[in-house]
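Written out below as structure tokens is the structure these notes cover.
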Amino acid sequence: MNDILPASVHLWQRLEAIVRDWLRAYGYREIRMPIVERTELFVRSIGEVTDIVEKEMYTFVDALSDESLTLRPEGTASCVRAVIEHNLLHEGAQRLWYSGPMFRHERPQKGRYRQFHQFGVEALGYGGPDVDIEHMAMCARLWRMLGLAGVELEVNTLGAAEARARYRARLVDYLESRHAELDADSRRRLTTNPLRVLDSKNPAMQELIGAAPRLLDELDEDSAAHFEAVQAGLREAGLTFRVNPRLVRGLDYYNRTVFEWTTTRLGAQGTVCAGGRYDGLVEQCGGKPTPACGFAMGIERLLDLMGATAFEVETPDVYLVRQGARAERYAERVAEDLRDAGVSVTLHCGGGSFKSQMRKADASGARYAVIVGDDEAEARELTVKPLRAQAAQTRVTLAQALALVRG
């Protein structure tokens with residue numbers, strides 16, 4: 001779990017501002033859910049035999065209620081719970097988004113932390129392939145807005161529950177026939193969640209996985225038609241994608257369309273954004289049958305991909321230097337007047353010589369130093385010195401100073 005220091009916070013803030021505008025352009029509204037939920041919610045929705053529930057959740061017993069509680073490992077289940085609890089679907093289909101910290105107890109490595117942050121997007125009440133297409137097209141637009149290159153789209157379909165059950169039986173037969181070649185993790189998954197074997201990143205397992213039966217061959221007619229429509233829509237939208245029949249995702253609630261945006265620029269943690277359909281989850285959590293689709297992206301991974309120079313460091317417009325007894329109070333009033341006019345001001349505090357204050361003004365990154373001494377205070381004027389351009393300093397009124405700074 002990491003601190004986000006002031007030198008990095010501006011990157012987060014700029015990314016968050018871009019994402020808010022991007023989501024507003026598509027008609028998504030923000031929802032904010034608590035960080036702690038009842039453990040049962042995640043066991044029921046994510047799946048009791050998934051890696052997240054079995055090994056990665058931060059779970060504890062509340063001393064007052066004796067309930068088992070969990071720090072949320074992902075946002076979809078919490079969002080669905082909130083939608084049901086507050087009857088939001090009675091208002092019609094919902095386009096929602098959220099952001100914030102998630103928690104998983106796993107081995108920390110670059111791009112993978114025990115407290116990590118996500119943007120999540122959920123569309124509830126939409127059953128057609130058009131929303132699946134919209135979600136992937138939205139992501140493509142965001143990558144363009146952020147100037148990201150080398151992010152590739154993979155898609156697959158998991159079909160309906162009946163098709164998945166048939167496929168599961170075929171896959172188990174195949175994996176058992178090659179049991180001696182399975183690694184320890186795959187042998188464990190074989191008895192709990194065999195589809196997750198297909199998600200193994202072990203290089204020694206790839207030939208075996210490549211020869212496994214394909215879920216695409218077991219699809220029901222409706223799921224096959226849905227997936228064909230998704231692919232046609234992506235092509236119509238001009239999106240390049242690859243069908244990856246081994247893409248299964250690690251959460252039990254997915255069905256039909258699943259997708260991942262991946263990159264080779266982040267090492268082992270190559271997934272930047274992922275999601276898909278979860279048409280049965282609302283009913284599973286106690287609501288009425290409701291189709292739904294969503295995705296989430298890791299903020300840390302986006303920032304790693306963008307690099308530390310993605311956004312300019314935010315700096316004040318003015319660093320206000322003050323020297324002298326009369327200047328102290330006058331400078332404070334000047335700083336407030338400048339702020340009232342929309343100028344960002346760092347007012348020097350802590351005393352020090354004029355020379356040391358000017359060094360701090362230069363180091364602040366401000367475009368101008370506004371200097372207030374006793375002479376300026378008596379005349380109710382200011383001295384404005386450009387710090388980022390070759391220009392002479394000038395003695396001016398407050399109104400003239402505002403014109404210079406804004407110009």
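Coordinate-derived values only; no laboratory data. Computed from a prediction, not measured in an experiment: that's the story for all the values here. In this analysis, Cβ positions are derived from the backbone assuming ideal geometry, glycine residues included, and neighbour counts consider all displayed protein chains.
Values as computed for the structure displayed
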{"read-out": "Proxy reagent accessibility, fewest Cβ within 10 Å first, across Val61, Val405, Val334", "value": "Val61, Val405, Val334"}
{"read-out": "Using distinct alpha-carbon pairs, which all enter the 1/r mean, Kirkwood radius of region 52-95 in Å", "value": "12.5 Å"}
{"read-out": "Shape of region 146-221, Cα gyration tensor, a/c cut at 1.5", "value": "oblate"}
{"read-out": "FRET efficiency, 1/(1 + (r/R0)^6) with R0 35 Å, evaluated for Glu40 and Tyr174 via beta carbons", "value": "0.55"}
{"read-out": "Reachable aspartates and glutamates from Lys360, criterion Cα separation under 19 angstrom, eight or more residues apart if same chain", "value": "Glu314, Asp317, Glu328, Glu332"}
{"read-out": "Mean projection area, nm², convex hull over Cα of the chain", "value": "26.4 nm²"}
{"read-out": "Lysines with Cα under 21 Å of Lys201, excluding same-chain neighbours fewer than 8 positions away", "value": "Lys55, Lys110"}
{"read-out": "Long-range HN-HN contacts of Tyr253 with modeled amide H, under 5 Å", "value": "none"}
{"read-out": "Among beta bridges that DSSP assigns inside the chain, antiparallel share in %, nearest 5", "value": "80 percent"}
{"read-out": "Footprinting exposure proxy for His90, His226, His10 (fewest neighbouring C-beta atoms within 10 Å first)", "value": "His90, His10, His226"}
{"read-out": "For region 318-406, the fraction of alpha-carbon pairs in successive 10 Å shells from zero, as %", "value": "19, 58, 23, 0"}
{"read-out": "Ascending count of other beta-carbon atoms within 10 Å, so fewest first, for Cys139, Cys349", "value": "Cys349, Cys139"}
